[in-house]
Amino acid sequence: MTHAKVFLMSAVAAMAVLSGCSQVTNDGGDTTCADFAGADEKKQNEAITKMLTDEGKNEPANAELTGTRLSITAFCQTVGKQDSTIKEAPHL
């Protein structure tokens, strides 16, 4: 892992702590990258599930949750910004 990625991940974590992410509500696809990064896996899965069902898709299986979480994480750590929404990330 490069130093830039470690720094970026540290910055995301610090922003999550400072913004009080423990009070995150489930905004589905409108969840920001900063909130998503600061959430635990259960909250991330809830946001993904809401996003996909809001798009008219069925309740996602575990494999789809994992794939979508990885896609969102990669998006948020590369081209996404802290205020980008997770629905902007490529997903099925």
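Is it the case, given these coordinates, that residue 31 is of a type in the set (Val, Ile, Thr), touching a strand residue (DSSP E or B) at 6+ places or on another chain (Cβ under 8 Å) and modelled with pLDDT of 95 or more? Steps first, please.
Numbers: of a type in the set (Val, Ile, Thr): yes; touching a strand residue (DSSP E or B) at 6+ places or on another chain (Cβ under 8 Å): yes; modelled with pLDDT of 95 or more: yes.
So residue 31 fits the description; yes.
Among the residues making up region 74-90, those that are outside any helix (DSSP H, G or I) and free of Cβ contacts under 8 Å to residues at least 40 places away in the same chain are 78, 79, 89, 90. Taken over region 30-64, residues that are touching a Ser or Thr at 6+ places or on another chain (Cβ under 8 Å), surrounded by fewer than 18 Cβ atoms within 10 Å (Cβ to Cβ) and in a helix (DSSP H, G or I) amount to 1.
The values are calculated or read from the model by the stated rules, or taken from the named source; none is laboratory data. Quick caveat: nothing in here was measured; it's all calculated off a predicted structure. Cβ atoms come from the backbone with ideal geometry, glycine included; neighbour counts cover every protein chain shown.
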